[in-house]
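Written out below as structure tokens is the structure these notes cover.
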Amino acid sequence: MERTEALLIAELREGDETALAVLVEKYQHIVYRLAMQITQNHADADDVMQETFIKAYRSIHTFRQDAAFETWLYRIAVNEALNFVKRRDRRREYAFDASAETAMDAVERHRAEEASDPHVQAEKAELRQRVTEAVNSLSLKHRTVVHLHEFEGLTHAEIAAILNCSEGTVRSRLHYARKKLRTLLKPYVDACAEPE
């Protein structure tokens with residue numbers, strides 16, 4: 001019989017590590033994907049994921065059940081990832097890799113893989129790379145909001161709760177990020193629109 005999330009949380013509050021294992025199994029993929037988007041490094045994302053679940057385990061008593069557990073966990077993951085990036089003493093040049101591809105729409109990726117025309121595959125791969133590079137060039141706070149909204153599908157209110165800021169701030173960051181992305185991608189879009 002599958003335990004409900006409320007029961008798992010109650011068991012976790014009592015120190016049941018098997019409840020933690022079940023919650024880790026359920027949420028590890030979204031926490032990792034979020035950490036990867038922010039840190040841009042597999043090893044760093046693994047560290048952030050581990051720290052997120054350790055912190056969730058240690059601070060489960062602070063979880064108020066008037067909010068969704070997933071939103072609470074997102075907040076911890078975002079804070080851990082942002083703090084991790086801030087602690088790094090050197091900046092990295094962001095490169096496109098397979099992990100960034102997971103942030104792309106699964107349907108588009110599937111269509112590109114199944115397309116029999118190598119030209120179509122090449123165009124979609126180039127588009128994916130250009131979009132990823134553009135998103136990665138955004139500041140950390142803007143990239144985080146774009147990832148949470150566009151790739152994770154969270155609402156402005158959910159993002160505001162996770163980042164501990166106002167919905168207006170979320171909207172502003174999203175607006176700025178989209179404007180910057182349009183500017184960055186305009187040359188590529190214009191080149192693709194030109195007749196050959």
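Structure values in brief
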quantity: Check on residue 39, surrounded by 14 or more Cβ atoms within 10 Å (Cβ to Cβ) and touching an Asp or Glu at 6+ places or on another chain (Cβ under 6 Å); calculated: no
quantity: Scope the range 12-37; condition in contact with a Ser or Thr (Cβ under 6 Å, 6 or more places away or on another chain) and of a type in the set (Val, Ile, Thr); matching residues; calculated: 31
quantity: Number of the exception - residue 62 against (1) farther than 19 Å from residue 6 by Cα; (2) among the polar types (S, T, N, Q); (3) surrounded by fewer than 20 Cβ atoms within 10 Å (Cβ to Cβ); calculated: (1)
quantity: Residue that is surrounded by the most Cβ atoms within 10 Å (Cβ to Cβ) [pool: residues in the range 137-157 that are polar (S, T, N, Q) and in a helix (DSSP H, G or I)]; calculated: 144
quantity: Residue match in the range 99-114 (condition: in a helix (DSSP H, G or I), open to solvent by 60 Å² or more (accessible area, probe 1.4 Å) and either touching a strand residue (DSSP E or B) at 6+ places or on another chain (Cβ under 8 Å) or at pLDDT 70 or above (or both)); calculated: no
quantity: Hits in the range 174-191 (condition: open to solvent by 60 Å² or more (accessible area, probe 1.4 Å) and either under 19 Å from the mean Cα position of the chain (by Cα) or touching a residue at least 40 places away in the same chain (Cβ under 8 Å) (or both)); calculated: 175, 176, 178, 180, 184
quantity: Matching helices (runs of 4 or more DSSP H) fully within the range 1-90 where at least 3 residues are within 17 Å of the chain's Cα centre (by Cα) and at pLDDT 90 or above; calculated: 17-39, 42-58, 69-87
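The values are calculated or read from the model by the stated rules, or taken from the named source; none is laboratory data. Predicted model, so just to flag it, every value in this text is computed and none were measured. Cβ coordinates were reconstructed from backbone atoms using ideal geometry, including for glycine residues, and neighbour counts include every protein chain displayed. Surface accessibility is based on the protein's heavy atoms, side chains included, excluding ligands, DNA and RNA. Shrake-Rupley method; radii C 1.70, N 1.55, O 1.52, S 1.80 Å.
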